[in-house]
Amino acid sequence: MEITSIPAFLDYYENIRERTLRVVRCIPQDKFDWTYQEGKFSFADLIRHIAAIERYMYAENVQMKPSIYPGHGKELADGPENVLAFMDRLHRESVEIFSRLTVEDLKKKCVTPAGIPITVGKWLRSLVEHESHYLVLW
């Protein structure tokens, strides 16, 4: 999928996010911090990771800024209600940033955290791929 329009991308991305949220809503509240093995991501960790990567990596990079990804720990949000509010707030912030992009911006190159230049349109596509691959894991 080539991204050539921000409104079309945002419509598509909102559909992806809604699919993610349908899965997240199936997690029993008493299982948010459950993990299958010590040291592995809990459901809450995954939710915080998706939210923080979207806002602090992808949304920063498309503005030609470096990633400021803070991780996925409980210090960001703890408890099911707070974790969901964190995800929602960061998504709103990200969409606001993405909505300011122009068609010309989509063709510019931003730099990934690995130092690799990539067009903004391709970087946004990788955001969708990043989120979608977690749905497969769940």
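Taking every DSSP helix (H) stretch of at least 4 residues in the chain, weighting each as -39,500 (n - 2.57) and dividing the sum by the residue count yields a mean residue ellipticity at 222 nm of -17000 deg cm²/dmol. Over all pairs of different C-alpha atoms, the chain has a mean inverse distance whose reciprocal, the Kirkwood radius, equals 15.5 Å.
For segment 6-137, averaging the sequence separation of C-alpha pairs within contact (under 8 Å, six or more residues apart) and dividing by the residue count gives a relative contact order of 28 percent.
When each full DSSP H helix of the chain is screened for a Cα extent of at least 24 Å along its own axis and an average Kyte-Doolittle hydropathy of at least -0.5, the helices passing are 6-24, 80-99, 120-137. Most tightly packed first, judged by the mean number of other beta-carbon atoms within 10 Å of their residues, the peptides 84-96, 110-122 read 84-96, 110-122.
Bear in mind these aren't lab numbers, they're just calculated from the coordinates by the rules spelled out. Owing to the predicted nature of the structure, the values given are computational and were not obtained by experimental measurement. Cβ coordinates were reconstructed from backbone atoms using ideal geometry, including for glycine residues, and neighbour counts include every protein chain displayed.
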